Amino acid sequence: MNIMIRHAVIWSCCLLVLGLCGSPSITQAVSHADPVANSYLTITVKSSPTAHFSTALIIEHPRWVDRFRNRSFQRALRTCDLPAAYLTLYADGKTTHYLADEQGYVFDVTGHQLLQVSTETRKLLHSYIHLLSQKHYGEPLMWEEVQSLLPRKAVFDIIDLDTGLRFRAQRRAGSRHADVQPLTYHDTKIMREIYQGKWSWKRRAILVKINNRFIAASMHGMPHGRGALKNGFPGHFCIHFLGSTTHRTKRVDPTHQVMVHKAAGHLADYLDKADPYELVDIFILALNQQDEYLLKQLLPSVLKDDKAAIRNTLTELHYVTKISTLTEEPAHDLLFMQIPVKVQLYWKDRGKETRELIFTLQRHSPVERWSVECDLFSKEN
């Protein structure tokens, strides 16, 4: 069974299904053929709904397809905001899409309705999703360990987790994170394509391939400082790994760390454990990245479905710079916090504005994730 998915690694499991007919026969290939009319299920792991880079398992066995036919939904007790996998069922001449979480629970495309499948099906899905995630995402290695794998002047591959574009690079320097340059003019061209033709400080989740290992990392795309290679790149750029810090402040950069966790497939867990001050930084990151998907994971339920308000703000806003230094206070037992942050807002049509934003963070219990609301989305804006 072939299916076309651009920039994807396709796992084809075509007659044998774990738990039904023995161990599956799995091969890796990139296919460019159209799907045929037979019934089958595709389980796809990718970092966001719009990501082109994906890893998929195609299951053709009819007994597996029957597990999803004519199933009813029930109201879910919780929503599936950060899907671990995307399911597509091709059966009876129609296509049906579902979302799945890490435990194998299946939801409709809104993430609010739970599909009633058997416990056995859920457990099998959980196994497949875990397997695909291991193949798709990178290892979350600490910076201290990465340094030995990535010595200075080491050449390695960088894979952008959203586009799937790949280029070669060389580590040139950096003691607290890696200072890197594209290897050739061609590599610089590909990196620029990842940033849509404009150099940017925006963070991107990437995989660093070195010695046949894929390591979760985050890069920005702004040339700065010195460069030594003849590659058309005027300087170097930075790559951060788990626990790495900036050279100037010697502190972990939460905006890079969120992308490292995204590259490792651990974004949901990272947001669950982030403290309110880290979430404020992540919220500003989502605004600057124009990342509607990430922003919706932070907003309370009453706001995340207001697509018009989110998109209008992202369309009008060019960039946010935090200019106040926050005094962090313990918040592990709190359920409500308000954090004032002085910022500079750069509007596309209104120019620069300096103001204080009020971030309101709430949760129902100390073990739940904080939601983040900002008066930037108030009607006055």
Subject >> trypsin sites (Lys or Arg not before Pro) within region 77-158, DSSP loop, no more than 11 other Cβ atoms inside 10 Å >> reply: Arg78, Lys153
Subject >> Built amide H within the under 5 Å cut-off of Ser48, gap 5+ >> reply: none
**OP:** Please report the base-10 log of the normalised intensity I(q)/I(0) for region 103-209, using a Debye sum with one equal scatterer per alpha carbon and no solvent, at each q in 0.20, 0.24 (1/Å).
**Re:** -1.05, -1.35
Original post:
Nearest 20 debye, what's the magnitude of the dipole of region 51-108 about its Cα centre given +1 on Lys and Arg Cβ and -1 on Asp and Glu Cβ?
Top reply: 220
Subject >> Dipole of the chain, positive end: most advanced residue of Gln257, Phe73, Gln170 [Cβ charges, Cα centre] >> reply: Gln170
**OP:** Work out the P(r) tail for region 99-141: percent of alpha carbon pairs separated by more than 14 Å, whole number.
**Re:** 52
Subject >> Per residue, in Å², the accessible surface of the chain once ligands and nucleic acids are set aside, probe 1.4 Å >> reply: 49
Original post:
Given the Cα-Cα distance of His224 and Arg63 and 0.36 nm per residue of separation, how much length would full extension add, in nm?
Top reply: 52.3 nm
Subject >> Estimated vicinal HN-Hα couplings, Hz - region 321-333 in sequence order (Karplus 6.51, -1.76, 1.60; Gly, Pro = x) >> reply: 10, 7, 10, 9, 9, 8, 8, 7, 10, x, 9, 5, 9
**OP:** Measure up Lys230/Lys348; Lys296/Lys322; Lys209/Lys348; Lys209/Lys307; Lys250/Lys348; Lys209/Lys322 against 28 Å on the Cα-Cα distance and list the ones that go over.
**Re:** Lys230/Lys348; Lys209/Lys348; Lys209/Lys307; Lys250/Lys348; Lys209/Lys322
**OP:** Multiply the residue separation of Gln290 and Leu165 by 0.36 nm, subtract the distance between their alpha-carbon atoms, and state the gained length in nm to one decimal.
**Re:** 43.0 nm
**OP:** Using a Förster distance of 45 angstrom, determine the FRET efficiency expected from the C-beta separation of Gln196 and Glu120, and round it to 0.05.
**Re:** 0.50
Subject >> Whole-angstrom gap from region 315-355 to region 123-142, using each part's C-alpha centre >> reply: 35
Subject >> Cα-projected label distance for Tyr185 with Lys307, points at 7 Å along beta-carbon direction, nm >> reply: 4.4
**OP:** Report the one residue of Val109, His126, Tyr185 whose Cα lies farthest in the direction of the positive end of the charge dipole of region 108-201 (charges on C-beta: Lys and Arg +1, Asp and Glu -1; origin at the Cα centre).
**Re:** Tyr185
Original post:
Using bins 5 angstrom wide from zero, how does P(r) for region 135-180 break down, in % of all Cα pairs?
Top reply: 5, 19, 26, 26, 18, 6
Subject >> Surface share of carbon and sulfur [accessible, 1.4 angstrom probe, percent] for region 28-147 >> reply: 49
Subject >> Within region 98-127, backbone nitrogen closer than 17 Å to the virtual label 7 Å beyond the Cα of Glu368 toward Cβ >> reply: 112
**OP:** Go through Thr96, Thr360, Thr121 and list them by solvent-accessible area, largest first, probe radius 1.4 Å.
**Re:** Thr96, Thr360, Thr121
Subject >> Whole-Hz ³J(HN,Hα) from phi, Karplus 6.51 cos²θ - 1.76 cosθ + 1.60, for region 176-185, glycine and proline x >> reply: 9, 7, 8, 8, 10, 10, x, 6, 9, 4
Original post:
To one decimal place, what Kirkwood hydrodynamic radius in Å is obtained for region 205-357 from all pairs of distinct Cα atoms?
Top reply: 17.5
Original post:
Okay, helix-only estimate at 222 nm for the chain: each DSSP H run of n ≥ 4 adds -39500 (n - 2.57), divide by all residues, round to 500 deg cm²/dmol; what do you get?
Top reply: -7000 deg cm²/dmol
Original post:
Scanning the chain for GluC sites (Glu not before Pro) in DSSP loops with at most 13 other Cβ atoms within 10 Å, what's the longest stretch left with none?
Top reply: 1-327
**OP:** Determine the principal axes of the Cα atoms in the chain, then give the extent along each, sorted from largest to smallest and rounded to whole angstroms.
**Re:** 59, 50, 39
Original post:
Leaving out ligands, DNA and RNA but keeping every protein chain, what accessible area does Tyr319 have, in Å² rounded to the nearest 10, with a 1.4 Å probe?
Top reply: 80
Original post:
Per 10 Å bin, what is the whole-percent P(r) computed from every C-alpha pair distance within region 173-272?
Top reply: 16, 46, 33, 5, 0
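The values are calculated or read from the model by the stated rules, or taken from the named source; none is laboratory data. The shown structure was predicted, so the numbers you read here are calculated from the model rather than taken from an experiment. Cβ atoms come from the backbone with ideal geometry, glycine included; neighbour counts cover every protein chain shown. The protein model used for the area step is the full one, side chains on, heavy atoms only, and it has no ligands, DNA or RNA in it. Shrake-Rupley method; radii C 1.70, N 1.55, O 1.52, S 1.80 Å.
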